[in-house]
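Working notes for the structure below.
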Amino acid sequence: MTVVDEGMVPADPAPRGGMLRALLHAVAVAILVVVLAVGALAVAVPAVTGSTALTVLTSSMEPHLPPGTMVVVRKTPVAEIETGMVMTYQLHSGQPTLITHRVTQVLTEPDGDRLFVTKGDNNAQADADPVQEVQVRGTVWYAIPYLGWVATAVTGQHRAVVLTVAVVALFGYAAWALGSGLRETVRRRSASARSAEAASV
């Protein structure tokens with residue numbers, strides 16, 4: 001015959017702080033996923049696709065691309081560049097200074113070469129000189145707000161060190177979060193099993 005001790009209170013499989021810990025864990029995992037996604041978009045995707053990550057430094061493209069925005073520019077055949085696209089080009093052919101403005105008009109020269117009239121979204125007038133094909137470096141593929149300031153602050157060898165440390169830290173945290181989740185699951189199952197055994201005694 002099974003005797004139930006009315007004075008015995010089964011162990012609570014979900015401690016008072018369990019829900020809070022679960023919520024904090026979920027938030028941490030969500031933040032981790034976002035950070036990893038941003039890291040992939042800012043570093044991995046450009047590296048794999050041969051694109052270039054640049055930082056918007058002026059307000060000429062506000063509000064679409066405010067200062068501090070990271071833009072990823074991919075190589076685009078000039079024949080595929082159309083009005084409305086945001087294009088990155090050399091201010092002067094062969095020089096490093098780059099401009100990222102919107103194409104407002106496409107012209108064709110007698111020899112078949114194309115010229116692009118560009119304008120910053122926040123500028124009152126179009127750029128003074130049309131952009132020649134040789135100046136074109138590509139079109140903006142996607143943009144990430146604010147991340148450009150981080151890329152600008154961390155440059156050269158320091159950037160490589162920071163990225164390496166960040167990646168190691170993120171994956172270490174991911175492993176810790178996964179291990180914590182598994183331990184919490186095992187603990188709850190054990191607590192439930194002990195409660196069931198205590199109730200049947």
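Computed from the coordinates by the stated procedures, all read-outs in this text should not be read as laboratory data. Predicted model only: the values in this text are computed from it and were never measured. Using ideal geometry, Cβ is built from the backbone for each residue, glycine included, and neighbour counts are taken over all protein chains shown.
The rows are residues; the columns are (1) touching a Cys at 6+ places or on another chain (Cβ under 8 Å); (2) free of Cβ contacts under 8 Å to residues at least 12 places away in the same chain; (3) surrounded by fewer than 18 Cβ atoms within 10 Å (Cβ to Cβ).
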| site | (1), (2), (3) |
| --- | --- |
| Ala44 | no, yes, yes |
| Pro66 | no, no, yes |
| Val72 | no, no, no |
| Glu80 | no, yes, yes |
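Cβ-Cβ distances below 9 Å connect the following pairs, each with a first residue in region 131-144 that is more than 11 Å from Val78 (Cβ to Cβ), a second residue that is assigned to a helix (DSSP H, G or I), and a separation of six or more residues or different chains: Trp141/Val45; Trp141/Pro46; Trp141/Thr49; Tyr142/Leu41; Tyr142/Val45; Ile144/Val38; Ile144/Leu41; Ile144/Ala42.
Residue count for region 99-128 under the criterion of being surrounded by fewer than 16 Cβ atoms within 10 Å (Cβ to Cβ) and within 26 Å of the chain's Cα centre (by Cα): the result is 2.
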